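Colleague: Quick one: this structure, given as structure tokens, is what I'll be asking you about.
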Amino acid sequence: MKNIALHWQILIAIVLAAIAGSLSGTEAGIGSLTFHGVYEFIGTIFIKALKMIIVPLIFSSIVVGITGIGRAEDLGRLGAKTIGLYLVTGLLAVLVGLAFVNTVRPGFENGAPVGEQLALQAGAQDVRQNLESSGGFGELVKMFERMVPENVVATASSNGDLLALIFFALLFGFFIARVGDEHAEPLFNFWNAVFQVMMKITEFIMRFAPIGVFGLVASVVAETGFDAVRPLGVFALTVVAALLTHALLVMPLLVWLLARVNPWRLYRAMSPALLTAFSTASSSGTLPVTLDCMEKNAGISNRISSFVLPLGATVNMNGTALYECMAVMFLAQAYGVELGFATQFLIVVSALITSIGVAGVPSASMVAIGMILTAVGIPVEAMGVLFVFDRVLDMLRTSVNVLGDGATALVVARMQGEQTLLAAPAQAHRA
Ligand code: ASP
């Protein structure tokens with residue numbers, strides 16, 4: 001299997017899991033050991049491994065990102081513009097996703113929730129109670145209250161208090177940049193080292209994805225046959241539609257309005273990067289190609305691209321934010337819950353913030369989705385079903401992530417008065 005690309009391995013694993021799960025069902029086995037039990041065991045270990053890295057990965061990634069921005073003193077204005085654009089495009093992406101998932105409602109089929117088809121019935125009653133009780137304005141106020149941790153160590157010891165942890169990480173990173181080099185240097189290096197190691201661990205865990213996905217998919221198929229395919233297919237198509245809307249409608253509009261550049265030229269300049277993102281499902285892995293495209297094909301100065309793009313590769317993830325929001329909403333729907341405004345708001349904010357903390361490696365959003373699920377009161381195990389289509393969706397959302405980085409770099413460059421190779425001369429002097 002070693003020479004086969006990971007996404008093919010995962011695809012093969014899904015096919016094998018479908019066969020194995022449907023042949024064995026829940027009963028078959030040897031003695032008291034059922035095959036279904038083995039699948040569940042494998043799947044559980046895989047999900048637990050992903051949960052294991054949530055806190056250190058998100059924390060170190062945010063600290064490094066924020067410290068990096070804060071330390072680049074002369075880039076203050078550039079930094080503010082970049083961050084502003086990253087937030088705006090991220091928010092737009094999440095809202096596009098939210099609109100699609102609320103309109104299409106992939107978690108319902110003929111008005112009935114698809115939880116049973118996805119083998120999500122365990123604890124459904126509790127989940128419904130959890131979610132239904134969290135819909136009012138009071139909850140929103142509580143959410144902001146919860147954002148300030150009482151005890152950072154206690155917060156970091158559970159995966160449930162994500163906003164509080166992120167709040168502290170933001171503060172921590174911000175003030176590292178303000179204590180003077182003597183102290184800032186070792187702290188930055190330390191957290192950067194932690195971040196690098198966590199990325200490696202994520203990659204390492206993802207190498208086992210074919211086995212983990214096999215366990216997760218086989219256990220769902222063993223329980224429900226192929227009932228899960230339809231609702232998951234509908235969900236996947238809804239995500240694709242939302243991603244395409246963001247990439248082909250929202251972003252071009254923004255590029256046109258803010259940079260006065262024909263968006264088509266940006267796609268053309270970025271096509272090698274977009275294709276690399278698609279095939280590797282890793283925006284960090286694509287970074288060298290993105291840099292090359294934006295400097296050589298788009299003609300953006302190195303000063304801007306070398307600041308905006310590396311930051312964007314970990315911090316700016318439009319596709320990921322959109323996907324996280326849709327995935328959590330889909331699972332809530334599958335449990336039969338109509339989410340109130342406050343919970344939807346919590347999901348939007350969490351998707352936006354966690355997409356900042358997600359590393360640019362394959363399937364990294366799964367880590368963030370696990371975190372948001374815990375925060376809103378859905379069992380993390382429910383996300384197992386998402387793995388069926390995750391790789392394909394990951395390839396697409398990574399391309400959208402990279403497109404967002406490139407578009408932001410272009411807009412920032414134009415705002416800084418750069419001509420770039422993409423602005424037609426007639427439009428350039430108007431901008
Ligand atoms: N694979 C994505 C990226 O590298 C992250 C994710 O959504 O899983 O951009």
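The values are calculated or read from the model by the stated rules, or taken from the named source; none is laboratory data. These figures come from a predicted structure and were not determined experimentally. Please note: Cβ atoms are built from the backbone with ideal geometry, for glycine as well, and neighbour counts cover all protein chains shown. Note: areas computed on protein heavy atoms with side chains; ligands, DNA, RNA excluded. Shrake-Rupley method; radii C 1.70, N 1.55, O 1.52, S 1.80 Å.
Colleague: Given R₀ = 30 Å, FRET efficiency for I12-V88 by Cβ-Cβ distance, to 0.05?
Modeller: Efficiency, rounded to the nearest 0.05: 0.15.
Colleague: At a Cα cut-off below 19 Å, give the aspartates and glutamates reachable from K200, other chains included and same-chain residues fewer than 8 away excluded.
Modeller: The reachable aspartates and glutamates, counting only those whose Cα sits under 19 Å from K200, are D394.
Colleague: Taking the Cα centre of each part, how many Å lie between region 275-348 and region 361-416?
Modeller: Computed from Cα coordinates, the inter-centre distance equals 5 Å.
Colleague: With viscosity set to 1.567 mPa s at 4 °C, what whole-number translational diffusion coefficient in µm²/s follows for region 178-298 from Stokes-Einstein and a Kirkwood radius over Cα pairs? Before the final figure, lay out the partial values.
Modeller: Values: Rh = 18.7 Å.
Diffusion coefficient, whole number: 69 µm²/s.
Colleague: A follow-up question, please. Which of these, G215, G357, G180, has the largest mean-square fluctuation under a Gaussian network model of the chain (Cα springs below 10 Å)?
Modeller: Its mean-square fluctuation being the largest, the pick is G180.
Colleague: Now for a separate question. Which shape class applies to region 272-431: rounded if a/c is under 1.5, otherwise prolate when a/b exceeds b/c and oblate if not, where a ≥ b ≥ c are the square roots of the Cα gyration tensor eigenvalues?
Modeller: Numbers: a/c = 2.91, a/b = 2.05, b/c = 1.42.
It is prolate, given that a/c is not under 1.5 and a/b is the larger ratio.
Colleague: Roughly what would the spin-label model give for V197 and R230, points 7 Å off Cα along C-beta, in nm?
Modeller: Each label point is offset 7 Å from its Cα along the Cβ direction, giving 4.9 nm.
Colleague: A further question follows. At 1.4 Å probe size, with the rest of the protein present, what percent of the exposed accessible area of the chain is carbon and sulfur atoms?
Modeller: Details: 12050 of 18130 Å².
The nonpolar share, carbon plus sulfur, comes to 66 percent.
Colleague: Hey, could you get me the Stokes-Einstein D for the chain, Kirkwood radius over alpha-carbon pairs, 4 °C and 1.567 mPa s, rounded to whole µm² s⁻¹?
Modeller: Values: Rh = 22.2 Å.
Estimated via Stokes-Einstein, D reaches 58 µm²/s.
Colleague: So how tilted is helix 209-224 from the main axis of the chain? Cα-based, degrees 0 to 90, rounded to 10.
Modeller: Tilt relative to the chain: about 40 degrees.
Colleague: Now, a different point. What is the gain in length, in nm to one decimal, between Q419 and S157 on full extension, counting 0.36 nm per residue of separation less the C-alpha to C-alpha distance? Working shown, then result.
Modeller: On the way: separation 262, 0.36 × 262 = 94.32 nm, distance 4.96 nm.
Full-extension gain reported as 89.4 nm.
Colleague: Compute the accessible area per residue over region 15-118, keeping the other protein chains in place, probe 1.4 Å, unit Å². Could you put the intermediate results ahead of the total?
Modeller: On the way: 4860 Å² over 104 residues.
Dividing the accessible area of region 15-118 by its residue count gives 47 Å².
Colleague: For region 153-215, what is the largest minus smallest coordinate of the Cα atoms on each principal axis, given in angstrom and ordered from greatest to least?
Modeller: So the three principal-axis extents are 50, 24, 14 Å.
Colleague: Further question: Specify the angular offset, from 0 to 90 degrees and rounded to the nearest 10, of the alpha carbon long axis of helix 341-357 from the longest principal axis of the alpha carbons in the chain.
Modeller: On a 0 to 90 degree scale, this one is about 60.
Colleague: Give, as a single signed number, the net charge of other residues whose beta carbon lies under 11 Å from the beta carbon of V412, with Lys and Arg counted +1 and Asp and Glu -1.
Modeller: Values: positive: R77, K81, R303, R414; negative: D405, E418.
That works out to +2.
Colleague: Another one. What do you get for the angle between helix 54-71 and the principal long axis of the chain? Use alpha-carbon atoms, 0 to 90 degrees, nearest ten.
Modeller: Rounded to the nearest ten degrees, it is 10.
Colleague: Quick check: residue separation of R268 and V148 times 0.36 nm, minus the Cα distance between them. What number comes out in nm? Show your work: numbers first, answer last.
Modeller: Numbers: separation 120, 0.36 × 120 = 43.20 nm, distance 4.46 nm.
Taking R268 through V148 to full extension adds about 38.7 nm, to one decimal.
Colleague: Just the number please: accessible area per residue for region 153-278, 1.4 Å probe, all protein chains included, in Å². Walk me through the intermediate numbers first.
Modeller: Numbers: 6110 Å² over 126 residues.
Per-residue accessible area for region 153-278 comes out at 48 Å².
Colleague: Could you derive backbone 3J(HN,Hα) for region 82-96 from the dihedral phi with the Karplus parameters 6.51, -1.76 and 1.60 (θ = phi - 60°), listing whole Hz in sequence and x where the residue is Gly or Pro?
Modeller: Karplus-based 3J(HN,Hα) across region 82-96 equals 4, 4, x, 5, 4, 5, 5, 5, x, 5, 4, 4, 4, 5, 4 Hz.
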